[in-house]
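Inspection log for the structure reproduced underneath, given as C-alpha cells.
Read the figures in this text as sums done on the coordinates, not as results from a lab. Because the structure is predicted, anything quoted here is derived from the model rather than measured. Quick reminder, even Gly has a Cβ in these numbers, built from the backbone with ideal geometry, and neighbours come from all protein chains shown.
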Amino acid sequence: MKEIYKNLYQFSVYIPPMDFTIHQYLLASDPAILFAAGTVQQAETVLPEIQKILGDRGLKYIFISHNESDEMGGIPVFQRAYPNVSVICSQLTARELSGLGINIDMIVKNGEENLKDGELNLKFANYPSEVHLQNGLVCIEESSGIFYSADLMLRYGNGVGNTIKSKWEDEVGNISEERVPNKRKLENLKTDLLNFAPCFVAVGHGYCIECEV
C-alpha cells in the first residue's frame, strides 16, 4: 500500500512472468471511494489496510469500470465489511452483478453524468471496453483532479508505486484500437476524454501518470 497521490492509496499486485501490474485505489475523501474491487483474493488482502486507513469511517462507494474479475470480483468481500457500501457502475455491469447473485445497492451512471457527495465530484465517460465493446465507464474526481483510467492507458512493467510524467492530450491520443477496437467509438471516447483536465491518472495497470501542462 502506498499513498501515491494526495489522499489516494494504491494497492498493487505485480506478476513477473507477465511483467504486468494490477492496481486498486482508495480515495480517502469524505465520503471514501474505492476504484476497482479487485479479485476476491486481492480484496481479502487489501481490506485490512483499507480498514486501517479509514478507521471508524465507512467505505461508501466502489467504482466498477467494466466486467472483469479484477474490477468486480472482490465486491462481496467489501460488502461484508461495509454492508452499506454502494457500487457505481454502468447499466450493463449492474445487470451482470445481479446475474452473478451479488445483491448490493447499485448507482447506475452513463457518460456525461455526475455524482456529487461531500468532497466527491465524479464525472463519467462511457468506456466501450475491450474486447466486446461492452458498456463500461471511466471517471474523473474533479475536486482532486484524479482520473481512473481502468485499462485505457495500460503499460507493461512493474508499476508498483511508480509514476511517469506525460501530457494528457498525448495519453488520450495514444489510446489505440487494441484498447477500443472500433474506430467510431474510439474517436467518440477520445473526444469525451479531452473535455477532462486531470492532474493525475490512476491507471488500472502499469505506471500512474502525473499530467504535465
Amide hydrogen neighbours beyond the local backbone of Lys60, cut-off 5 Å, H modeled: Ala32
Listed values [x] 30; [y] 11; [z] 16, entry calculated as percent of Cα pairs over 31 Å apart: [y]
Linear extension gain, Lys6 paired with Leu194, 0.36 nm per residue minus alpha-carbon span: 65.4 nm
Charge dipole (debye, nearest 20) of the chain; +1 at Cβ of Lys and Arg, -1 at Cβ of Asp and Glu: 140 debye
Beta bridge orientation in the chain: antiparallel %, DSSP, nearest 5: 60 percent
Residues with amide H under 5 Å from that of Met153, placed H, sequence gap 5 or more: Gly204
Asn114 versus Ile102: modelled label distance in nm, points set 7 Å from Cα along the beta carbon direction: 2.8 nm
In the stretch 69-165, chymotrypsin sites (Phe, Trp or Tyr not before Pro) in a DSSP loop with at most 16 other beta-carbon atoms within 10 Å: Tyr156
Pairs of lysine residues in the chain - Cα separation under 16 Å, sequence separation of 8 or more or cross-chain: 6
Rounded to 5, the percent of DSSP beta bridges in the stretch 45-148 classed as antiparallel: 70 percent
Leu133/Val40 FRET efficiency (R0 30 Å; Cβ-Cβ; nearest 0.05): 0.65
Exposed trypsin sites (Lys or Arg not before Pro) absent: longest stretch of the chain, with sites in DSSP loops and at most 16 other Cβ within 10 Å deemed exposed: 58-154
Mean ellipticity per residue at 222 nm, deg cm²/dmol - from DSSP H runs of n ≥ 4 across the chain, formula -39500 (n - 2.57): -7000 deg cm²/dmol
Highest-fluctuation residue, Val87, Val138, Val13 considered, GNM on the chain with Cα pairs under 10 Å: Val13
Phi to ³J(HN,Hα) by Karplus 6.51 cos²θ - 1.76 cosθ + 1.60 over the stretch 55-64, Hz, x for Gly, Pro: x, 6, 6, x, 9, 8, 10, 10, 8, 10
In Hz, Karplus ³J(HN,Hα) per residue of the stretch 202-213 (6.51, -1.76, 1.60; θ = phi - 60°; x = Gly, Pro): 8, 7, x, 8, x, 9, 5, 10, 8, 7, 8, 6
